[in-house]
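Just below is one structure, and these are the notes that go with it.
The values are calculated or read from the model by the stated rules, or taken from the named source; none is laboratory data. Note that the structure is predicted; figures quoted are calculated from it, not measured. Reconstructed Cβ throughout: ideal geometry from the backbone, glycine too, with neighbour counts over all protein chains shown. These accessible areas exclude ligands, DNA and RNA; they are computed on the full protein's heavy atoms, side chains included. Shrake-Rupley method; radii C 1.70, N 1.55, O 1.52, S 1.80 Å.
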Amino acid sequence: MDFSPENIVETTLSPNGFHKTIHLLYVPTLFCNLGCSYCYLGSQTDTGHLSTENDRALHTLQFAVEKFMQEGALPFNVSLHGGEVTVLKENTLDQLFGFIKDYYGENRTDLEFFGFKKDKPHIKTNLYNFDRYEELFIKNEVSISASIDLPLSMHEKYRTTKAGKSTLEKTLDNLRRLAKYPHRAKFSSVICHEHLLRKEEIVKDIWFIHNELGFDMNNYNFMFGFESELNQDKFGDEHTETLKTLSGPQQVEFYEFMKENFKGTELEKGLNTLWFEEFTPAFCTNAVNCGEKFFLLQGDGEIYSCVRGQGVEAFHYGNIFKDSVEDIFNTAVNKIQTVHNQLGVDESCRSCSHLNTCNTGCAFVKYEQQNPKSYSCDVQRELYKDFPELSTPNETPDEQEEGLREFLSVNHPQEIFYDRENPPAIILPNDLEDDKNALVKLIEADDTLRELYNPMAISLLLDGEEHPLESQILKKSRSILFLDNESDIKLRIRKSWLKANCKEAIRNTLYLMMLRDTPVVYGDEQRTKQEHTFTHQVFHNILEASSTDLGTHLEYDLGPLLKLYAPTYQDGVLNNLFVTTNALRDYHYAKQKENAFYHIQAINLPFQNVEFYWTDM
């Protein structure tokens, strides 16, 4: 997997109005010409409808990219993956390569605005058909990432055709060709338990490929294999012992052995960079929530998390032909958060100074292993020792506590309300923590709640800079703005959002509530709350008539209203503006009455909000 190091979500607009970038893997066919025992995709690669897949390959990619872009999401990396992409016709591949090259060229300004300089197609391949398509790859300047097993004896044993025949001889011939390939090329190998027993062979074969075949082995990387349910369904216990995941100490043993053999050699560059790069913060596996940015699109329109998550419902985000981009994005974040949330946080992670670097690792592997801790934790820590620039650790107890709280707020938000050492003496329902009752699950199962919490429905434009507004109880970080009489302040509102839970839009209103951080106590529960300063509503038709029409959005000038209430602002006191609609506000309170689990978790105002200080006093 060749992922970008960018794991942030952009909040500024590019020259052509894009506010978000995504990594898009495209799988035009799941069929593979090999029958590798390592494959975590199980039987999905055994059958294919190549005639249909060739016919729809280009259309699906074009449709998806255009739909994402229409919603302000710009793919920064469009890579081809499988299955095995080279089972498709030459003309189909040529069309896909051409589309991707043209896409990069046409969107260069916006891509560079976000810091990306991709301009060539990229493909992941088992290399078996490389000789057949070599000229096509050269013509389109395709970047190649191949998959070959080391030691080569294990490639011969496990990476076979579907009929069980060896692929080694042909693969080595194609590797000789790849050594002379004029564009970017690398390959990777999966390391499991049996590989560790043959680590001396791996060293020998690395030098053989480097010296005898002429392929620069600095352009190579290791991946630690892991068991998968789909693989188990296909192969049963046939390879359970030999291909099982390396333990943490075994991964470190393998890493140290590679260091002993290659440090000080001409391959030290690879050892220190690409060979173990998959276990560094540069990869999606260390994302805070990979559902924010990483997506895999299949030729049939189905969208999953990545190549690992294909065919697994917990990592299925929707279908590009049937679902809105908003729903796909929301489902992605919620499903990844649910996986992390269900497994909890390992005690060793809570006190780890590197928690905010690794973020407990790949959600999919954690799901498959039912382990809350990253499967590559031990080797990651060794990498951080050898290359301190990879991680900025939280050294002091205060830093670790703040780092833990920051991490929990994203994927375990319910935990930040509890003191684990001194839990509150409150009796809660036994089934409160059932998966189906988690707030993200309740939202996911309710179309109107998804709109109520929609993080893409409304943004604040401050002097032209866009700040998407999120629910205060779900947001991952807290931003505080500084406003004054000279500020240009507008709301950018999705039109469809104003119609949610509303049969007659004319009766709906944009609902604005202002609170300030001067605590007051009231109500039957005598809770201490922020003090309300004003409520303001604008009816739909008036809003539409008085707002700038941006097609799918309206732009409402908020400045005059905020300036009108300036006398209520106090020096050094934080103001808190909540934005929703009357229809969604009514639905929130109705849902609280109907569902106790929702009420408990959304007891504080859940609406999108912005906090600010008013500096003109």
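Restricted to region 606-617, and to residues there that are farther than 13 Å from I473 by Cβ and part of a loop (DSSP other than H, G, I, E, B), the residue that is farthest from the chain's Cα centre (by Cα) is M617. Taken over region 556-576, the residue count meeting the criterion of being closer than 18 Å to H467 by Cα, out of contact with any Asp or Glu (no Cβ under 8 Å at 6 or more places or on another chain) and not acidic (D, E) is 3. Considering region 159-222, the qualifying helices (runs of 4 or more DSSP H), each wholly inside and each with 2 or more residues that are open to solvent by less than 10 Å² (accessible area, probe 1.4 Å), β-branched (V, I, T) and touching a residue at least 24 places away in the same chain (Cβ under 8 Å), run over 199-208. Comparison of L24, L30, L111, L61 shows that the only residue that is within 20 Å of the chain's Cα centre (by Cα) and outside any helix (DSSP H, G or I) is L24. Scanning region 4-18 turns up at least one residue that is crowded, with 19+ Cβ neighbours inside 10 Å and either modelled with pLDDT of 90 or more or assigned to a helix (DSSP H, G or I) (or both). Looking across region 106-126, the residues that are under 18 Å from E141 (Cβ atoms), open to solvent by less than 40 Å² (accessible area, probe 1.4 Å) and of a type outside the set (S, T, Y) come down to N107, L111, F116, P121, H122, I123, K124. Against the test of being in a helix (DSSP H, G or I), within 22 Å of D55 (Cβ to Cβ) and without any contact (Cβ under 8 Å) to a residue 40 or more places away in the chain, the options D94, D102 yield a single qualifying residue, D102. From the set of residues in region 69-91 that are outside any helix (DSSP H, G or I) and open to solvent by 30 Å² or more (accessible area, probe 1.4 Å), which is nearest to L24 (Cα to Cα)? Taking the candidates together, the pick is E71.
Sub-6 Å Cβ pairs linking a first residue in region 336-347 that is free of Cβ contacts under 8 Å to residues at least 60 places away in the same chain to a second residue that is of a type outside the set (D, E) and part of a helix (DSSP H, G or I), at least 6 apart or interchain, are V339/A363; V339/Y367; L343/K366, ordered by first then second residue. The single condition among (1) surrounded by fewer than 18 Cβ atoms within 10 Å (Cβ to Cβ); (2) at negative phi that N609 does not satisfy is (1).
Could you look through region 589-605, keep only residues that are touching a residue at least 40 places away in the same chain (Cβ under 8 Å) and either acidic (D, E) or part of a loop (DSSP other than H, G, I, E, B) (or both), and pick out the one that is farthest from Q526 (Cα to Cα)? Across region 589-605, the extreme among qualifying residues is N595. Hey, any hits in region 537-547 for a residue that's open to solvent by less than 20 Å² (accessible area, probe 1.4 Å), within 33 Å of the chain's Cα centre (by Cα) and within 28 Å of A602 (Cα to Cα)? The answer is no, given that none of the residues of region 537-547 is open to solvent by less than 20 Å² (accessible area, probe 1.4 Å), within 33 Å of the chain's Cα centre (by Cα) and within 28 Å of A602 (Cα to Cα).
For region 548-567, the candidate set comprises residues that are open to solvent by 40 Å² or more (accessible area, probe 1.4 Å) and more than 30 Å from the chain's Cα centre (by Cα); within that set, the residue that is farthest from L461 (Cα to Cα) is P567. The helices (runs of 4 or more DSSP H) found entirely in region 257-372 include none that carry 1 or more residues being on the phi > 0 side of the Ramachandran plot and open to solvent by 10 Å² or more (accessible area, probe 1.4 Å). Figure legend. Inter-residue proximity from region 496-524: first residues closer than 18 Å to T580 by Cβ, second residues surrounded by 11 or more Cβ atoms within 10 Å (Cβ to Cβ) and aromatic (F, W, Y), beta-carbon distance below 6 Å, spacing 6+ or different chains. Indicated pairs: N501/Y587; T509/F539; M513/F578; M514/F534.
Scanning region 449-489 for residues that are open to solvent by 30 Å² or more (accessible area, probe 1.4 Å) and within 20 Å of N508 (Cβ to Cβ) gives R450, E451, M456. Contact map, region 379-393: residues that are surrounded by 13 or more Cβ atoms within 10 Å (Cβ to Cβ) paired with residues that are among the acidic types (D, E), Cβ distance under 9 Å, separation 6+ or inter-chain. Pairs shown: E382/E256; P393/E399. The selection criterion, being at pLDDT 95 or above and among the basic types (K, R), holds for K204. Please tell me if L491 is among the hydrophobic types (A, V, I, L, M, F, W, C) and either without any contact (Cβ under 8 Å) to a residue 24 or more places away in the chain or farther than 30 Å from E402 by Cα (or both). When the stated conditions are applied, L491 passes them. Based on what the data block shows, is D524 within 21 Å of L462 (Cβ to Cβ), open to solvent by 80 Å² or more (accessible area, probe 1.4 Å) and either modelled with pLDDT under 95 or over 33 Å from the mean Cα position of the chain (by Cα) (or both)? It is false that D524 is within 21 Å of L462 (Cβ to Cβ), open to solvent by 80 Å² or more (accessible area, probe 1.4 Å) and either modelled with pLDDT under 95 or over 33 Å from the mean Cα position of the chain (by Cα) (or both).
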